[in-house]
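The structure under discussion appears below in the form of structure tokens.
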Amino acid sequence: MTTPLPADFKQNILHTFGEQFSEDLCHCLDSGKGDRSIRFNTFKYHSSLNLPEVPWHDNAYLIPGDTTFAYDPSWHAGLYYVQEAASMFVQQALNTIAFDHAEPLLCLDLCAAPGGKSTLLASWLGQRGTLVSNEIIASRTEILKENTIKWGLGNTLVTNNDPTQFEALGEVFDLILVDAPCSGEGLFRRDPLARNEWSLKQVGVNVERQQNILTNAWNCLKEGGYLIYSTCTFNKEENEGQIAFLKENFGAKFVPIAIQDDWNIVQTEAQGSYRFFPHCTAGEGFALCLLRKTDSSNDGKVKYKSKAISPVQWHRKFPLSDYFDAEKSGTQAYIANEQYMALTRHQAEICQSLLHSHYIKYAGTDIGSYKQKDFIPSHALSQSIYLNAKAFEEVELTYEEAIAYLRKENVLPASTSGKGLQLVTCQQAKLGFMKLISPTRSNNYYPNEWRIRQAPVLNVQMKFILELSV
């Protein structure tokens, strides 16, 4: 590691954790990159691997750090997500949560991009409600939307709004996840740039920003609702300090999470964050705390409800069941800007009233649109777990053909001589749609902005990943 650890950081760690612990931590941070980890989408893939498991999450595994994912069709098809092992501890917080009401749950991931925790939360939520996955930075909502579509559950709305806009709604959310912008000390092992950007002054800036975000989140959380607060940093100011802030100012109640001794998770103080250190646990640095709101700051009613007409409108004539399992998904067809989509009634209500004042980037599952009289399916339809696969002829691609398809090239599969719209698969993983026009020409409907931009060079690690979907 060529970039040295900041001197003030080392002094702060020494003061907080003691000499031996801080020495071991700093040595680990300077020792190079650790393993990576993947989490399977169990709605699309069920199996196990002969690899070290992530202890606190089922169906998640540690993968050698030099593994390549970009040329694995099963990754593009949303069969798994590449995520830091430590951050998967969100699952243990979710396992702790219990609600005593039967109404659909409304959850919010307030700082969601690129979408690792949102896809995890969406899997936990299933069909029990709706997840609003928000990102304040507009450019980062694109990757958030992409990962939401690839995950394929259809229970998520992707939004691009400032946290203050949610506070204005009143107490409407059952669960809020705040993975707060922070000083990034937990990334020092893998990202030298994070070291260059760190300073004590920036820590102070982050503390103030985090308190503003937490205030916004708390004020739109229902009484009895839960808040998960997490960071990827080590200092107490951005972790235990913020827990104290919520307790002192809002009466937040700390909720313990069951952990096992051999996980080597650290709590620096009673009712403090659950801490992950790379010399003790799998993954990079991480901290998480679960809190509950035990009283209300208002009458619990929505403060804002638009009287305007939403662009999302129910469309009773669209033949949704021809393309989508409307019964299993509990959805109906809606239309906005000539794009047809599948939404549950709960999602539609949120779009039409609660979030009408917000910018919604993506909702439910895009089904497709008409070009003159021809129906052009959306790529999101191919990724959905509710796709009516019988509606389309399937063509199985070889690995080389799949990579060409993902590069958005003119693909002419050897396995078919048919024409027309086809659902493209590789090792049974659904990649998208294409239209065979002639023996020498096809229309590749893979999203242009998602395409692989470089040709692959096969290696042992890549071949291993390819075998995940066999």
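A short reminder: the numbers here are calculations on the coordinates, not readings from a lab. It should be emphasised that the depicted structure is a prediction, and the values quoted were computed from it without experimental measurement. Here Cβ is always computed from backbone atoms with ideal geometry, including for glycine, and neighbour counts include all displayed protein chains.
Using the Karplus curve 6.51 cos²θ - 1.76 cosθ + 1.60 with θ = phi - 60°, work out ³J(HN,Hα) for each residue of the stretch 274-290 in order, rounded to whole Hz, and write x for Gly and Pro.
My calculation for the stretch 274-290 gives 7, 10, 10, 10, x, 8, 10, 10, 5, x, 9, x, 7, 9, 8, 9, 10 Hz in order.
Could you give me the ³J(HN,Hα) list for the stretch 377-391, computed from phi with Karplus coefficients 6.51, -1.76, 1.60 and θ = phi - 60°, whole Hz, x at Gly and Pro?
Listing the rounded values in order: x, 6, 4, 4, 4, 5, 8, 6, 6, 9, 4, 7, 5, 5, 6 Hz.
Name the residues whose placed amide hydrogens come within less than 5 Å of the amide hydrogen of Leu108, ignoring near sequence neighbours (fewer than 5 apart) on the same chain.
Val132, Leu175, Ile176, Leu177
Rounded to the nearest 500, what is the 222 nm mean residue ellipticity of the chain from helices alone, with -39500 (n - 2.57) per DSSP H run of 4+ residues and division by all residues?
Only helices count here, giving -7000 deg cm²/dmol.
So, with +1 on the Cβ of K and R and -1 on the Cβ of D and E, and no other charges, what is the size of the charge dipole of the stretch 127-177 about its Cα centre, to the nearest 20 debye?
On the way: 4 positive and 7 negative charges, 56 e Å.
Computed charge dipole of the stretch 127-177: roughly 260 debye.
Fully extended, how many nm does the chain gain between Asn264 and Glu409 (0.36 nm per residue separation, minus their Cα-Cα distance)? Present the calculation step by step, with values, prior to reporting the outcome.
Working: separation 145, 0.36 × 145 = 52.20 nm, distance 4.79 nm.
Additional length available on full extension: 47.4 nm.
Using a ≥ b ≥ c from the Cα gyration tensor of the stretch 127-245 (square roots of the eigenvalues), is it rounded, prolate or oblate, where a/c under 1.5 gives rounded and otherwise the larger of a/b and b/c decides, a/b for prolate? Walk me through the numbers on the way to the answer.
Details: a/c = 2.08, a/b = 1.31, b/c = 1.59.
Judged from the Cα gyration tensor, the stretch 127-245 comes out oblate (a/c at least 1.5, b/c at or above a/b).
Could you derive backbone 3J(HN,Hα) for the stretch 66-77 from the dihedral phi with the Karplus parameters 6.51, -1.76 and 1.60 (θ = phi - 60°), listing whole Hz in sequence and x where the residue is Gly or Pro?
With coefficients 6.51, -1.76 and 1.60, one gets 9, 5, 9, 10, 4, 9, 9, x, 5, 5, 5, 8 Hz.
Taking Cα atoms, how many degrees apart are the long axis of helix 116-125 and the longest axis of the chain, rounded to 10 and kept between 0 and 90?
Between the helix axis and the principal axis of the chain, the angle is about 80 degrees.
Can you give me the distance in nm between label points at Glu449 and Arg292, each placed 7 Å from the Cα along the Cα-to-Cβ direction?
The two pseudo-label positions are separated by 4.1 nm.
Would you pull out the residues with amide H under 5 Å of Phe324's amide H, same chain only if 5 or more places away, H placed 1.01 Å from N?
Asn388
Cα-based count: Lys pairs in the stretch 83-292 below 26 Å, eight or more positions apart or different chains?
Taking the Cα cut-off of 26 Å, the pair count is 12.
Find me the longest stretch of the chain that has none of the exposed trypsin sites (Lys or Arg not before Pro), where exposed means in a DSSP loop (not H, G, I, E or B) with at most 10 other Cβ atoms within 10 Å.
Values: sites that count: Lys301, Lys307, Arg316, Lys317, Lys373, Arg453.
My reading of the result: 1-300 is the longest stretch.
Describe numerically, in nm with one decimal, the distance between label points set 7 Å from Cα along Cα→Cβ at Asn388 and at Gln11.
6.8 nm
Would you pull out the residues with amide H under 5 Å of Glu394's amide H, same chain only if 5 or more places away, H placed 1.01 Å from N?
Long-range HN contacts for Glu394: Leu423.
Based on DSSP, what percent of beta bridges with both residues in the chain are antiparallel, to the nearest 5?
Here the antiparallel bridges make up roughly 70 percent for the chain.
Quick check: from the Cα gyration tensor, does the stretch 83-292 come out rounded (a/c under 1.5), prolate or oblate? Before the final figure, lay out each step's value.
Numbers: a/c = 1.31, a/b = 1.23, b/c = 1.07.
Here the stretch 83-292 falls in the rounded category.
Could you work out how far apart the two model spin labels at Phe375 and Trp314 are, taking each label as a point 7 Å from the Cα in the direction of the beta carbon, and quote it in nm?
My value for the distance between the label points is 2.0 nm.
Compute the length gained on full extension between Thr164 and Phe21: take 0.36 nm times their separation in residues and subtract their Cα-Cα distance, giving the result in nm to one decimal.
Here the answer is 47.6 nm.
Would you mind calculating the gained length between Ala102 and Thr416 on full extension (0.36 nm times residue separation, minus the Cα-Cα distance), in nm to one decimal?
Details: separation 314, 0.36 × 314 = 113.04 nm, distance 4.87 nm.
Between Ala102 and Thr416, full extension yields an extra 108.2 nm.
With +1 on each Lys and Arg Cβ and -1 on each Asp and Glu Cβ, how big is the dipole of the stretch 1-77 about its Cα centre, in debye rounded to the nearest 20?
Details: 5 positive and 10 negative charges, 72 e Å.
That gives a dipole near 340 debye.
Specify the angular offset, from 0 to 90 degrees and rounded to the nearest 10, of the alpha carbon long axis of helix 240-250 from the longest principal axis of the alpha carbons in the chain.
Value to nearest ten degrees: 90.
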